[in-house]
Structures are given as structure tokens and as C-alpha cells.
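J.: Let me begin by handing over the structure; questions about it come next.
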Amino acid sequence: MRDGDPFREAMARTLGRDPYGHGSCAVKSERDRREATVLGAIVLYYVSGSVLTVTVVRLVPLP
């Protein structure tokens, strides 16, 4: 991704507002470990409700 601004905006608009929504699914039956596709990139992330944080741990852009 050469220009990260559209991706950051899409993240804020989708997972940033509802980290359990936007077609995300739990990974390995862990509710707070999630995976979703945002703007053609696969995003693996953790949700922490106690501090209202979404931490992206892996971002895989599609070719």
C-alpha cells in the first residue's frame, strides 16, 4: 500500500467502530483474536475491551 491514508480511514470506519463486526471472525475460537478483510488486505488483530484498543498484529495485502 503506497498511500496508507485510505486504509487507515477504512480501518477507523469499520473495525475502529465495531471490532467484532465488518465480517470479522474469531481465530481459533478466541473471541478477541480476530481476522477481517479491509480494502483488500487481510487483517489479523486483537481486541482489548478493557482499554478500548484494537491491535493489528499482521497485515497481508493482496497482490
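Each reported figure results from applying straightforward, stated rules to the coordinates on display, with no laboratory input. What you see is a predicted model; the values in this text were computed from it and never measured. Reconstructed Cβ throughout: ideal geometry from the backbone, glycine too, with neighbour counts over all protein chains shown.
J.: Rounded to the nearest 0.05, what FRET efficiency do E9 and S29 give with R0 = 22 Å and r taken as the Cβ-Cβ distance? Could you check?
T.: Using R0 = 22 Å, I get an efficiency of 0.10.
J.: What number, rounded to the nearest 500 deg cm²/dmol, is the helix-based mean residue ellipticity at 222 nm of the chain, given -39500 (n - 2.57) per DSSP H run of at least four residues and division by all its residues?
T.: -4000 deg cm²/dmol
J.: Which order do peptides 25-35, 9-19 fall in by mean Cβ count within 10 Å, highest first?
T.: Ranking, from highest mean packing down: 9-19, 25-35.
J.: Could you work out the relative contact order of the chain, using alpha carbon pairs under 8 angstrom and six or more residues apart, expressed as a whole percent?
T.: 23 percent
J.: Would you work out which of G16, G4, T55 lies farthest towards the positive end of the dipole of the chain? Charges go on Cβ: Lys and Arg +1, Asp and Glu -1.
T.: Of the options given, the answer is T55.
J.: Right, something else. Using a basic spin-label model with each label point 7 Å from the Cα along Cα→Cβ, how many nm lie between I42 and V60?
T.: It is 0.2 nm.
J.: To the nearest 20 debye, what charge dipole does region 5-61 have about its Cα centre, counting +1 at the Cβ of each Lys and Arg and -1 at the Cβ of each Asp and Glu?
T.: 100 debye
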